[in-house]
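Visitor: Here it is, the structure, as structure tokens.
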Amino acid sequence: MNEKKWQPNINIQNLLKRSALLKKVRVFFENHGYLEVETPYITMNTTTDPYLVPFRTNFSYDEGVNNSSLYLITSPEFHMKRLIAAIKLPIFQISHSFRDQEKGNLHNPEFTLLEWYRPNFSMKDLISEVEKFLRYMLSTFEPTEKVTYQDVFKKHLNIDPLTEKKENIYGLCKKRLGLDNAIVNMKQSINELLEILFTFLIMPKIGEKSPIIVYHFPASMAQLAAINSQNSQVAERFEVYYKGIELANGCKELTCKKEQKKRFLKDIKIRMSRNLPYHPMDTRLLDALENGLPDFSGVAVGLDRLIMIALNAKHIKEIMTFSIERA
Amino acid sequence: MPIYSSNNFRVGLKIIVKEEPYAIEENEFVKPGKGQAFVRVKLRRLLTGTRVEKTFRSTDSVKIADVVETTLVYLYCDDRFFYFINKSFDQLSTDKFLIGNCAKWLVSQENYSVTLWEGKIISLTPPKFMHLKISNNSEIENGLQTKNKLVILSNGVTIKVPLFLREGEVIKVDTKSEKYVSRVKAKIR
């Protein structure tokens with residue numbers, strides 16, 4: 001008898017504390033001059049990222065809407081960028097996002113992302129603001145450490161991720177992790193192997209006492225970030241880790257339509273090579289880029305995870321009213 | 001044999017890895033940023049009891065092990081086998097060597113917790129306490145200590161007991177530590 005399943009999985013104390021934290025978020029952004037916006041949860045254009053699996057749905061009326069596929073957003077990023085292209089104001093959003101096939105103590109298929117974007121903000125500016133935000137939300141802690149992607153690999157694994165040969169990176173994976181060939185093999189890309197090393201060997205060792213910011217990801221891992229103007233090997237992208245949890249992903253955004261289209265095409269090629277469903281690129285985002293955007297930076301924070309840390313929770317369901325099993 | 005995808009794993013599930021049954025004791029879904037997803041599990045190898053860690057891709061699948069935990073009643077034995085019976089009165093026999101050391105606690109008509117894999121016993125646990133009769137009162141003094149003596153129980157196990165106990169008396173024994181616990185007073189039926 002599923003007597004308890006009608007009940008929320010969060011307890012009343014956490015519910016009250018979560019509410020207080022949400023209020024704090026809004027206070028922070030109001031004080032820093034940001035406009036709160038709401039963008040759609042359903043979209044015609046989904047991400048091309050080969051590692052994300054969006055939920056699909058249909059709209060019943062045909063009026064101007066291509067009802068063959070609609071998707072739930074995996075992040076509000078594309079809409080918020082289109083908004084910036086139109087209004088050029090600093091904006092923030094507390095948005096639900098949806099990712100299929102992700103469930104665990106840090107993952108729920110429906111989760112909350114806090115995203116904010118500011119024109120005329122460099123990656124450095126944004127990193128400072130993220131630090132300020134975390135300090136404000138989690139109360140004081142020791143100063144955040146900042147390290148480049150290159151240096152964090154050199155320090156913990158003695159290799160340079162920007163120049164090391166693939167065979168050596170692969171060798172390190174096999175030697176240090178003992179993962180079998182199904183998981184680690186030479187057919188994978190260098191980036192995938194580096195990601196495995198980072199996840200299993202570096203992440204558990206960093207950001208223990210205070211959040212750590214890893215910046216200047218390799219250019220090949222830029223995603224939607226701009227390439228560094230002085231060093232084309234690195235992208236203006238950073239991530240924040242704390243207590244073994246990946247908390248945020250931010251960057252100085254790419255504003256060049258041509259380059260963005262190239263990256264979308266690369267993703268599409270990878271999807272095809274893996275027999276993944278075809279996702280056409282978001283042409284409306286490309287049109288917004290073509291229209292012209294000021295230099296701007298933005299970041300996505302896993303708000304549920306931030307709340308987990310603030311409330312000392314071990315599982316994401318402890319800080320959600322109804323996780324997927326009870327939704 | 002049903003198949004489970006690694007992202008459906010849960011604690012307590014019994015799976016087959018390299019043709020052997022394992023029990024999942026801990027289960028963690030790992031997905032970095034926008035990278036590939038993994039499932040990291042801590043497993044207990046059922047045939048040996050040892051613990052191992054394994055990482056799966058979230059798209060991997062494994063066979064479910066046909067492992068059942070149940071209670072059987074021990075009946076008797078012959079040269080090669082021990083014979084048990086279950087609640088449905090089906091008889092189960094098992095090679096003596098598979099039971100190993102636990103064999104000394106097998107007493108006819110007693111209940112035993114067993115783990116069955118594909119219908120065969122892979123592990124047996126005697127009850128925590130058992131009542132056994134002292135069959136041989138060999139008054140072997142325990143060195144200079146005269147408070148205890150060694151006796152042999154009806155199942156052949158030698159155990160240290162207080163001096164006042166006599167042959168034919170029934171005592172309560174802790175099967176894990178193999179120690180005397182208390183005397184069992186005979187009930188008048």
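The values are calculated or read from the model by the stated rules, or taken from the named source; none is laboratory data. Computed from a predicted model, the values in this text were never measured in an experiment. All Cβ positions, even for glycine, are placed from backbone atoms using ideal geometry, and neighbour counts span all protein chains on display. Accessible surface areas use protein heavy atoms only, side chains included; no ligands, DNA or RNA. Shrake-Rupley method; radii C 1.70, N 1.55, O 1.52, S 1.80 Å.
Visitor: Just to check your reading of the model, which residue among A:T112, A:T74, A:T48, A:T39 is polar (S, T, N, Q), under 25 Å from A:K243 (Cβ atoms), at pLDDT 95 or above and in contact with a helix residue (DSSP H, G or I) (Cβ under 6 Å, 6 or more places away or on another chain)?
Guide: A:T112
Visitor: Could you identify the single residue in B:G49, B:G156, B:G100, B:G119 that is within 30 Å of A:N181 (Cα to Cα) and more than 14 Å from chain A (Cβ to nearest Cβ)?
Guide: Among B:G49, B:G156, B:G100, B:G119, only B:G49 is within 30 Å of A:N181 (Cα to Cα) and more than 14 Å from chain A (Cβ to nearest Cβ).
Visitor: Where in the stretch A:38-154 are there strands (runs of 3 or more DSSP E), lying fully within it, with 1 or more residues that are within 14 Å of chain B (Cβ to nearest Cβ) and touching an Asp or Glu at 6+ places or on another chain (Cβ under 9 Å)?
Guide: Of the strands (runs of 3 or more DSSP E) lying wholly inside the stretch A:38-154, those with at least 1 residues that are within 14 Å of chain B (Cβ to nearest Cβ) and touching an Asp or Glu at 6+ places or on another chain (Cβ under 9 Å) span A:91-98, A:110-119.
Visitor: Can you pull out the residues in the stretch A:219-249 that are within 18 Å of A:T199 (Cα to Cα) and open to solvent by less than 10 Å² (accessible area, probe 1.4 Å)?
Guide: Correct list: A:A222, A:F238, A:E239, A:V240, A:Y241, A:L247, A:A248.
Visitor: Tally time: how many residues in the stretch B:5-41 are within 14 Å of chain A (Cβ to nearest Cβ), open to solvent by 40 Å² or more (accessible area, probe 1.4 Å) and within 27 Å of the chain's Cα centre (by Cα)?
Guide: Adding up the residues that qualify gives 5.
Visitor: While we're on this one: Look at the stretch B:42-66 and say how many of its residues are farther than 27 Å from A:L52 by Cα and buried (at least 19 other Cβ atoms within 10 Å of the Cβ).
Guide: Adding up the residues that qualify gives 2.
Visitor: Can you tell me which of (1) touching a helix residue (DSSP H, G or I) at 6+ places or on another chain (Cβ under 6 Å); (2) open to solvent by less than 30 Å² (accessible area, probe 1.4 Å); (3) away from chain B (no Cβ under 12 Å) is the one A:N291 doesn't meet?
Guide: Among (1) touching a helix residue (DSSP H, G or I) at 6+ places or on another chain (Cβ under 6 Å); (2) open to solvent by less than 30 Å² (accessible area, probe 1.4 Å); (3) away from chain B (no Cβ under 12 Å), A:N291 violates only (2).
Visitor: Could you list, ordered by first residue, the pairs with Cβ atoms under 9 Å in which the first is in the stretch A:224-242 and within 14 Å of chain B (Cβ to nearest Cβ) and the second is among the acidic types (D, E), at least 6 apart or interchain?
Guide: Filtered contacts from the stretch A:224-242: A:L224/A:E77; A:L224/A:E253; A:A225/A:E236; A:A225/A:E253; A:E239/A:E246; A:V240/A:E131; A:V240/A:E246.
Visitor: Which condition does B:L150 not pass, out of (1) under 22 Å from B:L46 (Cα atoms); (2) at pLDDT below 90; (3) part of a strand (DSSP E or B), if it passes all the others?
Guide: (1)
Visitor: Still on this structure: List the number of the failed condition for A:K175; all other conditions in (1) over 30 Å from A:F29 (Cβ atoms); (2) surrounded by 16 or more Cβ atoms within 10 Å (Cβ to Cβ); (3) not aliphatic (A, V, I, L, M) hold.
Guide: (2)
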